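Participant: Structure in structure tokens, see below.
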């Protein structure tokens, strides 16, 4: 039952996070593949009887008999996962630990950090032929990759009551956590600057995706090639580009047929093909220079617009 519940929570949470971050890839968002883990019997028995826990009914009260560990890159992304946990209709969730609350309560301490939730089945669930009882718990731990690295290094040796680390070891661990917090702040600053720098390209890419779908009737399949095309050809997308592009496409409806005819090629499934046409129309001689497309790939665009491909040697 716990195996089935762990698999169900993992699958459901992955889908919920995917909806929040779309069109970004959830496989890239999770820095370590999401996989549930059931507590092994020796570990379960040790926790029940040998770790000074005040359990009256250990098996019922231990909440991490199955758990998920989620690792993301930035601390802000932890809150994306938290919203997905809290918003799920299949379980009741309770926060067991929040590193930000702990920082606020003990601002001068630098210690193990993680966000922990316990989710319990709200009603009976059937999954892969297994009946999951109401109230079945699963622990979800959410960390940044830096917090995860710290935990992997220290948690089993410093925070387990059976092992008492020397003060200098604890001090070294505290210093490393202070450095991790500072690094996370720097990462966030870099991210903000990158997002600011990428904002114009993202805006253009969004416009192209909408227009591509409406113009061709096809679903775009953006790939890294789309980013390369936008980065190179966006210099010809000036103020008012969205309106001007829509007018350009209305004046040349036959381009939709050309794109559909070639849609078996990856290039023509990229929304940025519209930007390639646009750039060639406005700068036929400059557009191909130092760009990501070969003359052979550019030739159909020029032909469709009734223009001559510039001599590469000119």
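Please treat every number below as a calculation from the coordinates, not as lab data. Quick caveat, the model's predicted, so the values are computed rather than measured. When we count neighbours, we look across all protein chains shown, and the Cβ atoms used for this are built from the backbone with ideal geometry, even at glycine.
Participant: Against the longest principal axis of the chain, how steep is helix 75-86, in degrees 0 to 90 to the nearest 10, with axes from Cα atoms?
Facilitator: Helix 75-86 sits roughly 70 degrees off the main axis of the chain.
Participant: Something else: Which order, highest average first, do 81-94, 29-42 follow once you tally other Cβ atoms within 10 Å for each residue and take the mean per peptide?
Facilitator: Working: 81-94: 16.4, 29-42: 13.9.
Ranking the peptides 81-94, 29-42 by packing returns 81-94, 29-42.
Participant: Order these by the 10 Å Cβ neighbour count, fewest first: 176, 151, 60.
Facilitator: 60, 176, 151
Participant: With a 10 Å Cβ neighbour count serving as the proxy for reagent exposure, in which order, fewest first, do 212, 150, 268, 186 appear? It would help to have the intermediate numbers written out before the result.
Facilitator: Working: 212 26, 150 22, 268 19, 186 10.
Fewest-to-most Cβ neighbours within 10 Å comes out as 186, 268, 150, 212.
Participant: Further, regarding this structure: If you take every DSSP beta bridge whose two residues both sit in the chain, what share of them, in percent to the nearest 5, is antiparallel? Spell out each step's value before the answer.
Facilitator: Details: 18 of 24 bridges.
In the chain, approximately 75 percent of DSSP beta bridges are antiparallel ones.
Participant: Here's something else I'd like to know. Taking only DSSP H segments of four or more residues, each worth -39500 (n - 2.57), what value at 222 nm results for the chain once the sum is divided by all its residues, to the nearest 500 deg cm²/dmol?
Facilitator: Working: 13 runs with 169 residues, N = 314.
For the chain, the value works out to -17000 deg cm²/dmol.
Participant: Just order 193-200, 296-303 by mean Cβ neighbour count inside 10 Å, highest at the front, would you?
Facilitator: Values: 193-200: 10.4, 296-303: 15.2.
With the highest mean Cβ count within 10 Å placed first, the list reads 296-303, 193-200.
Participant: When you have a sec, figure out the Kirkwood radius of segment 198-304 from all distinct Cα pair distances and drop it here in Å to one decimal? Write out the running numbers ahead of the final one.
Facilitator: Numbers: mean 1/r = 0.0734 Å⁻¹.
Every distinct Cα pair counted, the radius reaches 13.6 Å.
Participant: Hey, another quick one. Using the alpha-carbon atoms, what tilt in degrees (0 to 90, nearest 10) does helix 241-251 show relative to the longest principal axis of the chain?
Facilitator: 50 degrees
Participant: Follow-up question, since we're still on this one. Compute for the chain: radius of gyration divided by Kirkwood radius, i.e. Rg/Rh, restricted to C-alpha atoms, rounded to two decimals.
Facilitator: Numbers: Rg = 26.8 Å, Rh = 23.7 Å.
Here Rg/Rh amounts to 1.13.
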